[in-house]
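Notes follow the structure.
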Amino acid sequence: MNDDLLILKLVRVVNFTARPFEQRVGKPLQLSLNEWRVMAMVGAQPGCTASQVAEHSGMDKMAVSRALAGLQRAKRLRRHEDPTDQRRSRLYLSAAGREVYAVALARAQEREAEMLAAMTAQERGQLGSLLDKLLTSVLHPDANS
């Protein structure tokens, strides 16, 4: 196995980060990983659209659509018609959704603290900056030319 490829390291980090989700968050809160990803976006940016969730998260539109449907069935999400474009709706967490979001966010923060415990504050800051730079590069590849 080629452990030198950074892309493979990133995939492994994502996989090992997501793996404990089911036990800590998914089962207790009856929430899928994709529902959590969407909920995190809507919780951080109330009033966003499904297209914005897909664009910002990197999830495919069908996965976003299924997650939104699941959140609506569980009464954790509300859609409001966009006053400027009636073909589009704005997304908001319901009161029940905000409660679940708060619990899931706290558990995600705990997991992050565990994962980053071996790093100094400076290293955590560097990692955050490098990840931001990598995201910019992935989202805007032409800007690097």
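The values are calculated or read from the model by the stated rules, or taken from the named source; none is laboratory data. Since the model is a prediction, treat every value here as computed from it, not as a measurement. Glycine gets a Cβ as well: all are built from the backbone with ideal geometry, and neighbour counts include every protein chain shown.
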Of the residues A63, A50, A69, A54, which single one is surrounded by 12 or more Cβ atoms within 10 Å (Cβ to Cβ) and touching a Leu at 6+ places or on another chain (Cβ under 8 Å)? A50
When you check V38 against the structure, is it without any contact (Cβ under 8 Å) to a residue 60 or more places away in the chain, surrounded by fewer than 11 Cβ atoms within 10 Å (Cβ to Cβ) and under 17 Å from the mean Cα position of the chain (by Cα), yes or no? no
Taking E22, is it surrounded by 12 or more Cβ atoms within 10 Å (Cβ to Cβ), at pLDDT 90 or above and assigned to a helix (DSSP H, G or I)? no
Hey, does the range 46-61 have a residue that's out of contact with any helix residue (DSSP H, G or I) (no Cβ under 9 Å at 6 or more places or on another chain) and of a type in the set (G, A, S)? yes
Only one of Y101, Y92 is within 23 Å of R19 (Cβ to Cβ) and among the aromatic types (F, W, Y). Can you tell me which? Y101
